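Any read-out appearing in this document is the output of simple, stated calculations on the displayed coordinates, not a laboratory observation. Model, not experiment: these values are computed from the prediction. For neighbour counting, all protein chains shown are included, and Cβ atoms are generated from backbone atoms with ideal geometry for every residue, glycine included.
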Amino acid sequence: MSKDRHKEVSLLQLFWSFFLVGSYSFGGYMSLISIVRKDLVEKKHVLTDEQILDGVSLASILPGPVAVNAVVYYGFVLSGVKGAIASFAGILLPTFLLVTGFSMYYFSMGANANIDMHISFVIPAIVAVITSVGFKMAKKQIRFVSQGIIALLALVIAILAKHVLLLILTIVLGGIIGYFLYEKGESHSKKISKSASPFLEKGALKTLGSVLLSVVVIVLGLAFITDQVKTAMLISSVFSSMSLTLFGGGYVIIPIMEQALVGDLGWVTIEEFNAAISISQITPGPIMTSVTFIGYKMAGVTGAIVATLAIFVPSSLLMIGLSQVQQKIKHLSYIDAIMKGMRSVVIGLIFSGAYAIGANHFDTNPIPWIIFFIAFVLFMFTKIHPALIILFTLLFSFL
């Protein structure tokens, strides 16, 4: 494993970095992770490729949204619990504001759910980002033929898989295979010194508790002010249970949410539910922010806040806890071997993410192909910020 980078990152820098990423990360969680990698590994040099892959590996086998959980991991690695909280807030705030704004417009104006933001022109650029990141990570991380085979098999399985549990199983099997292939039984594996580790600071639990208490007080205060206490509690219980029991991210949770919210609870109509999904897809960030729309329908801005926190906070707390465990044991030789296998699987999944996003956007029309190749070359051989290319393609769509 390569040495970790030690460049200092303030909490404000963390928040702002992820706020910007959250403002233009269209295309799903692999797109978001790829953009994070371009920003924090290539441009700012505060994370390594190993850390990016480790975050995705851990987030993929835990319940809740993969992208947000991975971002929480990166913030935790850089600045402990405070960094995880700053990163969490940064990545969600722009999407929350956009979805809430669209929700206000929808329910006040009766907006059409089929909103077109010319995102189809942005998709080829997003595919180019993911593909270029996949190639760069493979170049650095694939050191043995066996790792390349694992990545290729993961790519094929991801393309053919019909259920997300198969992908989770693939990551776990990658770790098991890595253990048997790369574990050397070295007795000199390093351990992390508590005194040198920001993520092991004694005040971490106190910080986390204080923030959680503040969130609860603010939410309850809003609920009392708006006379929405019972509704807020109901929203919180439903979405927090979803956060801790559903694996595979947003696209897996959609049919379950539809059954629960449209069929069982009757909170929204099928037309409103489809509008929620449409709005979450045309805005940057995770698709699970569709619950913000539903929360707004139930209890206005208070409901939007409660629903968003309920779906993201519980799984993020679990991620923080397991991140601390992972950071304590990551230098043990057998953990290093397991992570080598899991990283190889994740590289295959990165390429499958590019395929999944672009599958329905490339045909005989040459424009998507031209956008893809130009963006791919720029991402591979220049340091142009992804936001500029995504913005350019979005502006180009209006022509």
Task: Listed residue pairs exceeding 25 Å between alpha carbons, taken from 38/328; 43/136; 38/139; 43/184; 82/330 - done: 38/328; 43/184
Task: Solution diffusion estimate, µm²/s, Stokes-Einstein, region 318-360, Kirkwood Rh from C-alpha pairs, 4 °C, viscosity 1.567 mPa s - done: 106
Open item on the list: What whole-number distance in Å separates the alpha-carbon centres of region 266-309 and region 37-78?
Closed with: 26
TODO: Please report, to two decimal places, log10 I(q)/I(0) for region 46-95 at q = 0.19, 0.29 Å⁻¹ as given by the Debye formula with identical point scatterers on the Cα atoms and no solvent.
DONE: -0.56, -1.11
Task: Cα-based shape type of region 261-316, given that a ≥ b ≥ c are square roots of the gyration tensor eigenvalues and the cut on a/c is 1.5 - done: oblate
- [ ] Would you please put 302-313, 258-269 in order of how densely packed they are, using the mean number of other Cβ atoms within 10 angstrom per residue and starting with the highest?
- [x] 302-313, 258-269
- [ ] Provide, for q = 0.24 Å⁻¹, the log10 of I(q)/I(0) from a solvent-free Debye sum over equal Cα point scatterers in region 291-399.
- [x] -1.16
